[in-house]
1. Filter the helices (runs of 4 or more DSSP H) completely within the stretch 140-219 down to those with at least 1 residues that are closer than 28 Å to Lys128 by Cβ and not β-branched (Val, Ile, Thr).
2. Restricting the search to the stretch 2-23, which residues are under 18 Å from Leu122 (Cα atoms), open to solvent by less than 40 Å² (accessible area, probe 1.4 Å) and of a type outside the set (Val, Ile, Thr)?
3. If the requirement is being open to solvent by less than 40 Å² (accessible area, probe 1.4 Å) and either in a helix (DSSP H, G or I) or more than 24 Å from Ala149 (Cβ to Cβ) (or both), which of these qualifies: Lys459, Lys430, Lys493?
4. Looking at Leu343 and the list (1) part of a loop (DSSP other than H, G, I, E, B); (2) free of Cβ contacts under 8 Å to residues at least 12 places away in the same chain; (3) not charged (D, E, K, R), which single condition is not satisfied?
5. Is it true that Val31 is at pLDDT 95 or above, among the β-branched types (Val, Ile, Thr), part of a helix (DSSP H, G or I) and within 21 Å of the chain's Cα centre (by Cα)?
6. Taking the criterion of being open to solvent by 10 Å² or more (accessible area, probe 1.4 Å), closer than 26 Å to Ser15 by Cα, among the basic types (Lys, Arg) and modelled with pLDDT under 95, would at least one residue in the stretch 203-221 satisfy it?
7. Return the pair list, or none, for Cβ contacts closer than 6 Å from residues in the stretch 130-145 that are within 14 Å of Asp198 (Cα to Cα) to residues that are open to solvent by 30 Å² or more (accessible area, probe 1.4 Å), at least 6 apart or on different chains.
8. Which of the residues spanning the stretch 43-56 are free of Cβ contacts under 8 Å to residues at least 60 places away in the same chain, out of contact with any Phe, Trp or Tyr (no Cβ under 6 Å at 6 or more places or on another chain), under 18 Å from Gln237 (Cα atoms) and part of a helix (DSSP H, G or I)?
Amino acid sequence: MLYVSTRGKTDLMSSAHAITRGLADDGGLFVPQRIPSMRMGDIKAMAKKPYTERAIDVLLQFLTDFSEDELRECVNAAYAKEKFGDNPVPLVQVNDNTAVLELWHGPTSAFKDMALQLLPHLLTRSMKKTGETNKVVILVATSGDTGKAALEGFADVEGTQIIVFYPSEGVSDIQKRQMITQMGKNVKVFGIEGNFDDAQRGVKEIFGNKVLSDELSKNGFTFSSANSINWGRLVPQIVYYFSAYVDAVAAGKISFGDKVNFVVPTGNFGDILAGYYAKLMGLPVERLLCASNSNKVLTDFINAGTYDKRREFYKTISPSMDILVSSNLERLLYNVTDENAALVANYMKRLNTEGVYQIDNDVLKRVQTEFFGAWVDELETKEAIGRIYGDYKYLMDTHTAVAWRALEKYRFLTSDDTYSIVLSTASPYKFADSVLDALEDTQPAGADPFANLDELNAKTGEEIPPRMLALKDLPVLHSEIIPADKMELAVVKNLL
């Protein structure tokens, strides 16, 4: 299996090279030259396997320069019981035709752990395969969850350095505390004056600065990424779609071959893109529901075919989705335009120079066949949290609530009652103040995030993740806040 750039101007790469580099030299994203297929018999066989073995089945299709034994060592280390418990991704039945796939049982209580506990193992092995002798510098832009999950995965990993940029006023208190208390000899965290799009743009500009890259290479450093622009970050996420499906069969809710809907709260389009790849591989998926908050650029794109980032940016109670430039959409465009790299490159150029691009009607129809877009405002998000807890005693975080409400809108508009799986991307405790505010007759305790954890626990009896409680006593190690246009300078100062 070889990899190409979505913009068509780089040589074919092995998966190890794609993972080590992160971003293609032409600014595009690496994609597999072809999508492998999984037969229904292969999917059925997953039902009797633990999650680690399900992961190996999928990863082997894409990472063909890794042996099965190598992948087994990687996934066993990544999804160890002490990190994720007995079942890393439990499927929780909420009502008769709706389940929630809880992806937040890892060390940082967010779905990013599912990929970022595995990526360091894939990356270090990829470095050996490609003969990389430089220290790999992982640059991360985060809207809240990726940063901590990447820090947790890469802390003190030999041969790597990790630098994380987050919007200083655009993450929850717990998310910020998780990052600024991170220990590790090879980690550095910066808050920036700006939003996630500013951070993501800054990281991409650093990647694209060949003069800087050459200078750092002379000094023993090579850039890579832990954002979902890195194929090694995206491919582990395909696994849990297959896992959810076979678990739904085991629960007696569907039969093998029945189609299901997946509902994904997403800002950067990586998590839902993994579901799209699973469908292309043969997983029986009816529709992929793309759920947005008030930053509804993806909803507008799916509904009208125009991607326009020239709009007001909203800070919401679902901050991990506060994104106006969805990087992984480029990979979808590559597929739905029949791998027309020149056209994709033109879309991306127009987005950068004009802030907008429009796809033609034929391409839009292909997108709409696979995806449904809906957006959910703040009041609807809170209402859904309170109502679902009241009706089913199921407690959701703000991002999961956006997805749940989007599913309700889809069902109302289409009358489609297909069995649906909502992806739950974070523990409600990561956003305890907003969740408390959404529960009837309950108010957040105030500015102290740990008091809010206790209050939510007292209200619901749901267990507080122990590692989250431990944050209270950890010292702040990273307090620097910089202008967004000083990110490159911060990287240089930190490395040279």
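The values are calculated or read from the model by the stated rules, or taken from the named source; none is laboratory data. This is a predicted model, so every value here is computed, not measured. Positions of Cβ are generated from backbone atoms using ideal geometry, with glycine treated the same way; all protein chains shown enter the neighbour counts. For the accessible areas, the whole protein counts, side chains as well, though only heavy atoms, and no ligand, DNA or RNA atoms are used. Shrake-Rupley method; radii C 1.70, N 1.55, O 1.52, S 1.80 Å.
1. Filter on the stretch 140-219 gives 145-154, 196-208, 210-218.
2. Tyr3, Met13, Ser14, Ser15, Ala16, Ala18, Gly22, Leu23
3. Just a single option satisfies the conditions, and that option is Lys430.
4. (1)
5. For Val31, the condition - at pLDDT 95 or above, among the β-branched types (Val, Ile, Thr), part of a helix (DSSP H, G or I) and within 21 Å of the chain's Cα centre (by Cα) - is not met.
6. Yes, the conditions are met somewhere in the stretch 203-221.
7. none
8. Glu53, Ile56
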